[in-house]
1. With the requirement that a residue be farther than 27 Å from His510 by Cβ, surrounded by fewer than 22 Cβ atoms within 10 Å (Cβ to Cβ) and either in contact (Cβ under 8 Å) with a residue 24 or more places away in the chain or of a type in the set (Gly, Ala, Ser) (or both), what does region 380-405 give you?
2. Select from region 423-472 the residues that are part of a loop (DSSP other than H, G, I, E, B) and small (Gly, Ala, Ser) and write down the one among them that is nearest to Val89 (Cα to Cα).
3. May I ask you to list the residues in region 266-281 that are within 17 Å of Glu613 (Cβ to Cβ) and surrounded by fewer than 20 Cβ atoms within 10 Å (Cβ to Cβ)?
4. Give region 84-98 a look and list any residue that's more than 20 Å from the chain's Cα centre (by Cα) and either of a type outside the set (Phe, Trp, Tyr) or at pLDDT below 95 (or both), or say none.
5. Kindly list the number of the only condition in (1) touching a residue at least 24 places away in the same chain (Cβ under 8 Å); (2) surrounded by 15 or more Cβ atoms within 10 Å (Cβ to Cβ); (3) out of contact with any Ser or Thr (no Cβ under 7 Å at 6 or more places or on another chain) that fails for Lys455.
6. Test of understanding: among Arg490, Arg482, which residue is touching a Leu at 6+ places or on another chain (Cβ under 8 Å), closer than 29 Å to Thr354 by Cβ and among the basic types (Lys, Arg)?
7. Conditions: (1) closer than 30 Å to Ile563 by Cα; (2) modelled with pLDDT of 95 or more. Asp474 meets all but one. Number of the miss?
8. Can you pull out every residue in region 302-330 that is of a type in the set (Val, Ile, Thr) and at pLDDT below 95?
Amino acid sequence: MSGPTSVTSLTTAARASRYTNPVAYRDGVERTNPDPFVLRFRGRYWCYSSDAAGVNVSVSSDLVTWEFLGHALQVDGRSDYWAPCVIYVSGTFWMYFSNRPAGSEDPHEEVLQVATSDHPEGPFTMRRALFDTFSIDPHVVRDPDTGEYVMFYSTNDVTGLSSDNAGTSIVVDRMVAMDRLLGQPRPVVVPTLDEEIFQRNRFGDGRDWYTVEGATFITHGDTAFLTYSGNAYVGEDYFIGYARAALSGPVADLSWRKFPEDFGYAPLVRRNAVVEGTGHNCVVRAPNLVDDWIVYHGRDVAQPLDPAVEQRVMRIDHLFHDGNRLTTDAPTWQPQQTPAAANLFEDFADERLTDAWTVICGEITIGDHELRTASSAPALLLHEATFRHVTAEVYLRAEISDAGAQVGLVPIYHHKGNYTALLLDAATSTVQAVAVRNSIATTLATATLRDLDLKAWHLLQVQRTFDLLEVWVDGAFALSVRTGDDRAARLGLSAVSPRAAFSALTATDHLDLSGPRLGYLPRVFSADRQVRLTDRGLGTPFRRPVRLTSEGLEPGVVLTHEIEFVAPYGRVSLTPVQIDPGTFLRLELDASSYRVVCRSNGTEEFCGQGSVERHSSVRTQATGDGLAVRVGGHTYQIPISVRVAFSQSVELTGAILRSFVTTSLAEHPRGVQRRKEIDESDQ
């Protein structure tokens, strides 16, 4: 037993699939990748990074091993391409970056530009400059609720003339088109910390110059996070910090505050004894569609610093959500578990479908990492895996005929007379949830989509929680509907179009009981006395404890319990894994501390202790080769093998369970059942 450590899994498969920072390239060459930005598109990861001669581009299938493709963009008469950001919108890749006139040594001549391409690898073609004054580090995101696009970027305009905190700040502005901003920038993160000082007494008048740049926007639960870099790569205090905002309106209007507060220094990532120059990050989802990973640059401390030579290399590390905080073990330099794979990933790379697929109707062909329907007759095909709760996505497109086109995902399929489909409809520019019951089709819900062009690739995402379906199209929320069907079911693809295509079908057995899904907690937990479930969670503010229990959990799963203490006497006794009365893992927590113990073979052993916040999370990974529990920013490895179903319990006093999340590991597909034959009624 050991702890704390940064390794988060002990499975046999995990031991065979580790990586060590910096990330590797297939040709064995160590390449520099300053300011890495990673785009996930059709199941692959595309990294764009800074370079004096152009924008670098590399590609990976797993975030760990990369292939360098050269420059995605070069413009005659320009140099020093900084901090690119690339997004995909309806068939076009939009690249935002800064550069300056060739031969210029003045970084203040960097201005933001925009270029486009039909392909993620480029080549990109210049469209226009967005500004004519210093502007850098763009980050363009789509508001998941409103669908509008906004840009975070850095400029000197906000505090550049201040007598107290002169320097570079981060602002946000709405985009009226993909190559134009509204022109009403609003400051969101400004200099406040000594550690953000890039140069002291820069102007000889006593004013220090601060640098706050490199914004990245993510959300988790009811909180938005904006990571940023402070200081400069060559400075000893260079770090990644973050600000938080309550998700209370449009992204462009959120009110931000640095963590832990505007004048408090608590870096998310900073140098250690082995790695320095850690900064300018992005955040991307792992292949399992669930876990967040931070991608950043850094430099080996043992390598002499040479400002005239590019030394920043790309690094990745797991980013954890701990209550309403972020934590990570970055920068790591020892072997780490690779980003988690999905339970189901089909990139249609072979010339024919595998035996896991059944074509119910229609004609199909496969090529160029996509599955295509070959006629105007309806097509329906199913995978053998079944899910009761799942997060899934697929890229799809279709040719449009005078009869229209429909193409989509089937998240619930029992037989041809009983299933639910999510369909993009070209004629009405909508996404529809259609239920077929006893061979009678009914539209359960419809949402209108903006600028739907089915000739281009679109991303359809669904989260199924028992009978609840939540649907996103191209990253924007579309609809939520209850189907009345909470049984385990197969996953499939459906099309009514002359030619439809599907790519990168991905699915992970994932149950997220938070926010609007808290109402499903009684399907997982039982209480030892009557207790009221509220929109904040399940528990009690009083001294009389309530005990929640759950049985029948399968090994090969990650469990996350989010806890909030609501009274000064609050206490929680959490047993995330109990195999039998003599074999368990237990954590005792209060509003400021935790203690971890385990019992096996008749012996109880102390595993570790530390501090926690009033609002915290406990993440437990249970596999046949052992347990790994993360609490208070530390991971403890417990040599208790979990090879049979187990139970869990949580006793709350003056505390509530804010959320409960389970995620299946790819090498142990909990709940992903496989059927070798389809029902006769499917024929």
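1. Glu399, Ile400, Ser401, Ala403, Gly404
2. Taking the candidates together, the pick is Ala456.
3. Selection gives Ala266, Pro267.
4. Ser90, Gly91, Thr92, Met95, Ser98
5. Exception for Lys455: condition (2).
6. Arg490
7. (1)
8. Correct list: Val309 only.
The values are calculated or read from the model by the stated rules, or taken from the named source; none is laboratory data. What you see is a predicted model; the values in this text were computed from it and never measured. Heads up, the Cβs are rebuilt from the backbone with ideal geometry, glycines too, and the neighbour counts pull from every protein chain shown.
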